[in-house]
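Report on the structure given below.
The values are calculated or read from the model by the stated rules, or taken from the named source; none is laboratory data. Everything numeric in this text was worked out from a predicted model, so none of it was measured. Virtual Cβ from ideal backbone geometry, glycine too; neighbours counted across all protein chains shown. Heads up: the accessible areas ignore ligands, DNA and RNA and are worked out on the full protein's heavy atoms, side chains in. Shrake-Rupley method; radii C 1.70, N 1.55, O 1.52, S 1.80 Å.
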Amino acid sequence: MAIFWLISLQLLESSAAFAATAAPNDQLWILDTGRSRAGFQIRAMWMFNVGGQFGAVSGNVRIDAFRNTATVDARIDANAVSMRNAEYAAWVKSREFFDVQHYPQIHFVSDPIPLPRLRTGGELRGTLELRGVTQPVIFQLKPNECQGRLAHDCPVRAEGTVLRSVFGMTSRRVTLSDKVDLDFTIFVNEAEPATDAPAQ
């Protein structure tokens, strides 16, 4: 009987060791602020589009290896908006629009995304915090035919439309469309092991 229990214990230990080595590891992809981009565009006077680029895009993409999903957590520097016209740039940063003095960052957190969708394209749901208001949003991931490493060599692109009135931008309703088009281009740096340990 003692030999039976010894053999059973050895089998259990071997199975546990195999499961530990076979289990895939979660990863944390850090957004590459040098290559990642975020932009916006709005229709003015119902005739032409006015757009610009936000500042640095920072954050991470958490890869859940067990569920085969990715979750994006991105912060966008609204205080560093650049546009062709300096007066326009000053206006979109004012309290009338992005109000960067009080809300210098835009924050987007996605719902878990099936990893294949980053390659094939499709719906990207999440929450967007803009001007202190958090709302659910739906963007569209663009199909990616690049043959390199996804998000490392090949950009992940998404675009979508939000209503500025929902985020408290209600001025100039006659001359400006309520719709603001947003677009994102995301690159990441080398992956790191994911950890839930608090930052020091």
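Specify the residue that is most open to solvent (accessible area, probe 1.4 Å); the eligible residues are those in segment 114-136 that are hydrophobic (A, V, I, L, M, F, W, C) and out of contact with any helix residue (DSSP H, G or I) (no Cβ under 7 Å at 6 or more places or on another chain). Per the stated criteria, the residue is Leu115. Within segment 42-65, the residues that satisfy the criterion of being at pLDDT 95 or above and open to solvent by 40 Å² or more (accessible area, probe 1.4 Å) are Gln53, Ala56, Ser58, Asn60, Arg62.
Pairs are defined by a Cβ separation below 8 Å, a sequence spacing of at least 6 or placement on different chains, a first member in segment 154-169 that is over 20 Å from His102 (Cα atoms), and a second member that is assigned to a helix (DSSP H, G or I); the pairs so defined are Val156/Leu118.
Anything in segment 97-113 that is out of contact with any helix residue (DSSP H, G or I) (no Cβ under 9 Å at 6 or more places or on another chain) and open to solvent by less than 60 Å² (accessible area, probe 1.4 Å)? List them, or say none. Break it down stepwise before answering.
The initial filter retains those residues of segment 97-113 that are out of contact with any helix residue (DSSP H, G or I) (no Cβ under 9 Å at 6 or more places or on another chain), namely 102, 107-113.
Residues satisfying the conditions are His107, Phe108, Val109, Ser110, Ile113.
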